[in-house]
Amino acid sequence: MQEWKPQMPYVEQFPVAMAYVPWQRTCTMYENLDEAFKTGTIFPELNKPFLGRRVKG
Amino acid sequence: MWNYEKRLQYPVKITQTNPQIAQVIISQYGGPDGELAASMRYLAQRYTMPYNTVAGVLTDIGTEELAHFEMICAIVYQLTRNLTPEEIKESGFDKYYVDHTLALWPQAAGGIPFNACEFQSKGDVITDLTEDMAAEQKARTTYDNILRLVKDPDVCDPIRFLRAREIVHFQRFGEANRKDCSKSKHKNH
Amino acid sequence: MNAGCKPCMDSERQKLLQEISKVDFVLKELNLYLDTHPYDQQAMERFGQFNALKNKMVKDYTEKYGPLVLSITDMDSREWKWATQDWPWEGGYN
């Protein structure tokens, strides 16, 4: 399994009136490059496919 | 600052022409939420970024978007290849054809030409990165709409790839927006 | 209706080009990841491994079929293949 741990961000305050996107949790990579290429990302965590009428997160 | 490789980022092999869907897909070339707008936006914003890493994100994603509008153009080009006058008239493609023949010209599906009003470059890190996150979501929604309208698997395959890239780009712009991003010197745990 | 893309005549060539595209895609993903995680040593190592692989594959492809980048071209050829060979939007080899 191709995987490594990303940098851990230090604990931070979250002031209001700002937008925050969480850091990527893992760096697991698809083992199969074919699958990664067809999917459009090497990180399964970032794979959010179109499933029909509405997107599921 | 550019070199290129003589290949598309992801293959485009359309076996069946279809001018109807070409008129829809062209929006991801010249439309308000398309790849050209994305590229011009990011490549314009990067100069006034106070952090090198953020300028890096904008330059690297802006460059990838150039490869994406190239893919969109390849799709539209292959969808409209060698059309007969009858096919052009039947599909409503005649309105584009009269001005451009079968050439690629950046416009939205509705006909509005590409223009710089389709993006902003505001000179404030948070404003620009927030604009960029919105841009990636708008592009993703446009691809969702294309996938609702188009069923040809030759077309859906590169479109799904391009859609997935928008989600990754959103994540990267979101990370760039975290103020500690460029200053973090943590080793791996 | 007519076919949209040019036919692909050589499946070995197409396969090698596809492999190059896949490896380059990994590099692009790692590039974007590293832009926001600039001290991730493992990601950098991974980038180095895939980069070495890609360079080798591009050199192989160039020797067999023609140039993919201007910096690696066959100077013994009588033909400037960079311009005379088909462009990728034609759909033959892309």
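A short reminder: the numbers here are calculations on the coordinates, not readings from a lab. Source: prediction; values computed, not measured. Cβ atoms come from the backbone with ideal geometry, glycine included; neighbour counts cover every protein chain shown.
Considering every residue in C:17-30, what mean count of other chain Cβ atoms within 10 Å of its Cβ is obtained?
Details: counts 4, 5, 3, 2, 8, 9, 2, 4, 9, 6, 1, 9, 9, 3.
Partner-chain Cβ atoms within 10 Å, mean over residues of C:17-30: 5.
Which of B:Ser121, C:Ser71, C:Ser77 comes first, and how do the rest follow, when ranked by fewest Cβ neighbours within 10 Å? Don't skip to the answer; put the middle values down first.
Numbers: B:Ser121 17, C:Ser71 9, C:Ser77 12.
By the 10 Å Cβ count, ascending, the order reads C:Ser71, C:Ser77, B:Ser121.
Given the options C:Trp87, C:Leu53, B:Thr130, identify the residue whose Cα lies farthest towards the positive end of the charge dipole of the protein assembly as shown (+1 on Cβ of Lys, Arg; -1 on Cβ of Asp, Glu). Looking along the dipole axis, the top candidate is B:Thr130. Using a/c under 1.5 as the rounded threshold, could you call the range C:25-64 rounded, prolate or oblate? The axes a ≥ b ≥ c are square roots of the C-alpha gyration tensor eigenvalues, and prolate needs a/b larger than b/c, oblate otherwise. It is prolate, given that a/c is not under 1.5 and a/b is the larger ratio.
Among C:Val23, A:Val21, B:Val168, a tally of other beta-carbon atoms within 10 Å of each Cβ gives an order, fewest to most, of A:Val21, C:Val23, B:Val168. Think of the protein assembly as shown as a dipole: +1 on every Lys or Arg Cβ, -1 on every Asp or Glu Cβ, centred on the Cα centre; then among C:Leu34, C:Met75, A:Cys27, A:Cys27 lies furthest on the positive end. Sequentially through the range B:27-33, phi angles give Karplus couplings (6.51, -1.76, 1.60; θ = phi - 60°) of 4, 7, 8, x, x, x, 10 Hz, Gly and Pro residues having no value and appearing as x.
Summing -39500 (n - 2.57) over the DSSP H runs of n ≥ 4 in the protein assembly as shown and dividing by its residue number, what mean residue ellipticity at 222 nm do you reach, to the nearest 500 deg cm²/dmol? Before the final figure, lay out each step's value.
Working: 12 runs with 176 residues, N = 340.
Dividing the helical sum by the residues of the protein assembly as shown leaves -17000 deg cm²/dmol.
Oblate is the label for the protein assembly as shown, because a/c, from the alpha-carbon gyration tensor with a ≥ b ≥ c as root eigenvalues, is 1.5 or above and a/b does not exceed b/c. Across peptide B:73-81, the mean count of Cβ atoms from other chains lying within 10 Å of each residue's own Cβ comes to 4.
Look at the stretch A:39-47: the mean tally of other chain Cβ atoms within 10 Å of its residues' Cβ atoms is 6.
Treat the count of other C-beta atoms within 10 Å as a stand-in for reagent exposure and order B:Tyr10, B:Tyr42, C:Tyr39 from fewest to most. Present the calculation step by step, with values, prior to reporting the outcome.
Working: B:Tyr10 23, B:Tyr42 26, C:Tyr39 13.
The order, fewest Cβ neighbours first, is C:Tyr39, B:Tyr10, B:Tyr42.
Summarising the label geometry, the points placed 7 Å from Cα in the beta-carbon direction at B:Tyr4 and C:Lys56 lie 3.0 nm from one another. The distance from the alpha carbon centre of the range B:116-134 to that of the range C:45-79 is 37 Å, rounded to a whole number. Label point 7 Å out from B:Asn145 along Cα-to-Cβ: which residues of the range B:105-124 have amide N under 20 Å? Flagged as within label range: B:105-120. Helices assigned as whole DSSP H runs in chain B whose Cα atoms extend at least 24 Å along their own long axis and whose mean Kyte-Doolittle hydropathy is 0.0 or higher are found at B:52-79.
Put a plus charge on the Cβ of each Lys and Arg, a minus charge on the Cβ of each Asp and Glu, and nothing anywhere else: the dipole of chain B about its Cα centre is then about 660 debye.
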